[in-house]
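The values are calculated or read from the model by the stated rules, or taken from the named source; none is laboratory data. Quantities reported herein were computed from a predicted structural model and do not represent experimental measurements. Here the Cβ positions follow ideal geometry from the backbone for every residue, glycine too, while neighbour counts run over all protein chains shown. Each accessible area value is taken on the protein alone, full model and side chains, heavy atoms only, with ligands, DNA and RNA left out. Shrake-Rupley method; radii C 1.70, N 1.55, O 1.52, S 1.80 Å.
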Amino acid sequence: MTQPVNVTVTGAAGQIGYALLFRIASGQLLGADTPVKLRLLEIPQGVKAAEGTAMELDDCAFDLLAGIDIFDDPTAGFEGTNVALLVGARPRGPGMERGDLLEANGGIFGPQGKALNAGAAEDIRVLVVGNPANTNALIAQANAPDIPAERFTAMTRLDHNRALSQLAAKTGAAVGDIRNLTIWGNHSATQYPDIFHAQIGGRPAVEVVDDQAWLEDTFIPTVAKRGAAIIEARGASSAASAANAAIDHVHDWVNGTPEGSWTSAAIPSDGSYGVPEGLISSFPVTSTGGTWEIVQGLDVNEFSRARIDASVAELTEERDAVKGLGLI
Ligand code: NAX
């Protein structure tokens, strides 16, 4: 039998954790032939609820689930791990300034980066979901100097999937007929969902849409503010859709993206498209052989340029702020 892959999920007792763990254990993260060992990492107050989730996982009798361990210490939780899904984060509390938020998360993602550096497996791959995801990934990466920088990524796949679905609804196309949409920049309200290279059933999406006002005044803000709309409707933030996007991200990273199409992920910039090197920014990406690559050579028009620059400026500010706080 294939050796099980160790998957650590932080924030395992939270709502995304609850939506995520069962799908990992059923084989949807890594494939139907790959057994997994789950390592649930929580803070001490979250351990009891994580134990309850582990009982339910047991009760599913998943063929592929080779074991579950629960930790409240990152060093133990990341020991030997191959895939780390960093979901647990510090939310913005009342009266909290951005600096306070970054500092509080530095207190989580700094030690987690160190623990990954100390004990994770050679092939470790990290996806940060907990917000502010891009900058939290940067903090973890900076604290893990022995792990190749490109193994640290942040999630914009939920934004990508939201954009696909909005575009399908507008045009009447099936989601599966849409290719090569891109989310650029930060996973925040400044993100830029770009349809200028997208195709719908082989035709340029902008031609099919043929409605610049919709693009500017409806599509872009709807995608960027979808998280807030979900909170308004559900009384709680996106959970199952976020877990689904995390599954998509890691599945494509490990197993590859389909030939001839790309997706979106926040990965360390190599300077492509004028994004300063080292920033963890969302790009159009493909994956082959377990490595993300930025799609090269796309023409960026003026409309897109301004929006990419604005989101990248926000990422630069966040990076400078965490540098100023001594977190990276
Ligand atoms: P919950 O508050 O339901 O769960 C968070 C869990 O993390 C809690 O059980 C808590 O005990 C645990 N936790 C806190 N600090 C920890 C630490 N140091 N180590 C281990 N566990 C720790 O939040 P949930 O709805 O699950 O959301 C989790 C994160 O995902 C939030 O930061 C949220 O903002 C972020 N999101 C990111 C999205 C994305 O697209 N990148 C979309 C969905 C979501 O908003």
What do the square roots of 5 times the Cα gyration tensor eigenvalues come to for segment 1-73, in whole Å, largest first, as semi-axes of the equivalent ellipsoid? 20, 12, 10
Using the basic label-point model (7 angstrom from Cα toward the beta carbon), what is the Glu51 to Ile231 distance in nanometres? 3.3 nm
Placing unit charges on C-beta atoms (Lys and Arg positive, Asp and Glu negative, everything else neutral), compute the dipole magnitude of the chain about its Cα centre in debye, rounded to 20. 380 debye
Rounded to 0.05, the calculated FRET efficiency for the beta carbons of Val175 and Ile43 at R₀ = 35 Å is 0.40
Counting only GluC sites (Glu not before Pro) that are in a DSSP loop and have at most 12 other C-beta atoms within 10 Å, tell me the longest site-free stretch of the chain. 123-258
Taking H as built 1.01 Å from N, whose amide H comes closer than 5 Å to the amide H of Val275, not counting residues under 5 places away? none
Sequence of Leu279, Leu164 from largest to smallest accessible area, 1.4 Å probe: Leu164, Leu279
So for Lys170, Lys48, what's the accessible-area order with a 1.4 Å probe, most first? Lys48, Lys170
Using only alpha carbons, build the gyration tensor for segment 199-270 and give me the equivalent ellipsoid semi-axes, biggest first, whole Å. 24, 23, 11
How much accessible area per residue does segment 39-122 have, in Å², with a 1.4 Å probe? 50 Å²
As a test of the formula, what do you get for the chain when each DSSP H run with n ≥ 4 contributes -39,500 (n - 2.57) and the sum is divided by the residue count, at 222 nm and rounded to the nearest 500 deg cm²/dmol? -12500 deg cm²/dmol
Show me, for segment 142-155, the HN-Hα J-couplings you get by feeding each phi into the Karplus relation (A = 6.51, B = -1.76, C = 1.60, θ = phi - 60°), rounded to Hz, glycine and proline as x. 5, 8, 10, x, 8, 9, x, 4, 6, 7, 9, 9, 10, 8
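State the percentage of accessible surface on segment 30-165 attributable to carbon and sulfur atoms; use a 1.4 Å probe and exclude ligands, DNA and RNA. Don't jump to the answer; show the numbers that get you there.
Numbers: 2770 of 5650 Å².
Exposed carbon and sulfur together represent 49 percent of the surface.
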Amide H neighbours of Ser281 at under 5 Å, excluding residues fewer than 5 places away on the same chain, with H built from the backbone geometry, are Ile267, Ser269
Cβ-placed point charges (K, R +1; D, E -1), dipole of segment 217-328 about Cα centre in debye, nearest 20: 360 debye
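Give me the orientation-averaged projected area of the Cα convex hull of segment 132-269, in nm², one decimal.
9.1 nm²
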So how much slack lies between Gln296 and Met96, counting 0.36 nm per residue of separation and subtracting their Cα-Cα distance, in nm? 68.1 nm
Percent of C-alpha pairs per 10 Å bin, segment 70-149, short to long: 21, 53, 22, 5, 0
Between Cys60 and Ser165, what FRET efficiency follows from the Cβ-Cβ distance if R0 is 35 Å, with the result rounded to 0.05? 0.80
Positive dipole terminus of segment 76-134, leading residue within Phe78, Leu127, Pro94 (C-beta point charges): Pro94
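Give me the 1.4 Å probe accessible area per residue for segment 206-323, excluding ligands and nucleic acids, in Å². Write out the running numbers ahead of the final one.
Numbers: 5360 Å² over 118 residues.
The answer is 45 Å² per residue.
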Only Cα pairs within less than 10 Å get springs; with that Gaussian network setup on the chain, which residue of Ser272, Ser238, Ser264 has the largest fluctuation? Ser272
Report the antiparallel proportion of the DSSP beta bridges in the chain as a percent, rounded to a multiple of 5. 45 percent
With the charge dipole of segment 231-328 built from beta-carbon charges (+1 for Lys and Arg, -1 for Asp and Glu) about the Cα centre, the Cα from Leu327, Leu279, Val254 projecting farthest to the positive end belongs to Leu327
I need the phi-derived Karplus couplings for segment 131-137: 6.51 cos²θ - 1.76 cosθ + 1.60, θ = phi - 60°, integer Hz, Gly and Pro marked x. 7, x, 4, 4, 6, 4, 5
How large is ³J(HN,Hα), in whole Hz, for each residue of segment 39-48 in order, when computed from phi with the Karplus curve 6.51 cos²θ - 1.76 cosθ + 1.60 and θ = phi - 60°, using x for Gly and Pro? 10, 9, 10, 9, 7, x, 5, x, 5, 4
Treat the chain as a sphere of radius equal to its Kirkwood radius over Cα pairs and apply Stokes-Einstein at 20 °C in a medium of 1.002 mPa s; give the translational diffusion coefficient in µm²/s, rounded to a whole number. 107 µm²/s
